[in-house]
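None of the figures in this text is laboratory data; all of them are computed from the coordinates on show. Quick caveat: nothing in here was measured; it's all calculated off a predicted structure.
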Amino acid sequence: MKQDELKLALDHQSGIPLYVQLKNRLRYDIQSGKHAPGEQLPTIREMAVAFAVDVNTVARVYAELENEGLLQRKRGKGTFVAQAARRDTQQQNQEAAREAIAATVELLRGMNLSEDEIASLLNEAAKKTQGG
């Protein structure tokens, strides 16, 4: 992975935790084929510097993606996209969506919005993205 490929933006002002943003982006890049099986990823420290996040944030993302079967760590060599990175993404994508929605709901609750207002806003946003 080249340094210019590390330019994906994380929104540090968003209510969505940085680790969720980074995890979802890396998962998408792996599942879409942007990062091929066997490809080495940057070190935890390199990723932390590139995205201005704590090394523990990147370590957590790498560990969770390894548990999902998308990454493989090789002692003394680094972290790689798993050779058999699962392509059955529906369940993983739904879990990632749940995490993002939960973070968004918490942010909206912090704005003192009611459950009905939050549901209405989410519904409106979903319809808007479908062109409806």
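Summary of computed values
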{"read-out": "Acute angle (nearest 10 degrees) that the helix 55-67 long axis makes with the longest principal axis of the chain, alpha-carbon atoms", "value": "80 degrees"}
{"read-out": "For segment 3-129: Kirkwood Rh in Å [reciprocal of mean 1/r, alpha carbons]", "value": "15.9 Å"}
{"read-out": "Nearest 10 degrees, 0 to 90: helix 89-110 Cα axis against the chain principal axis", "value": "50 degrees"}
{"read-out": "The chain: relative contact order as a whole-number percent, Cα under 8 Å and 6+ apart", "value": "26 percent"}
{"read-out": "Listed residues Gln31, Gln72, Gln13, most fluctuating in the chain (Gaussian network, C-alpha, under 10 Å)", "value": "Gln13"}
{"read-out": "Nearby aspartates and glutamates by direct alpha-carbon distance to Lys34 (threshold 13 angstrom, same-chain neighbours under 8 apart not counted)", "value": "Glu5"}
{"read-out": "Amide H partners (placed H, <5 Å) of Leu71, local residues excluded", "value": "Glu66, Ala82"}
{"read-out": "HN-Hα J in Hz across segment 113-119 - Karplus 6.51, -1.76, 1.60, θ = phi - 60°, x for Gly and Pro", "value": "8, 6, 4, 5, 5, 5, 4"}
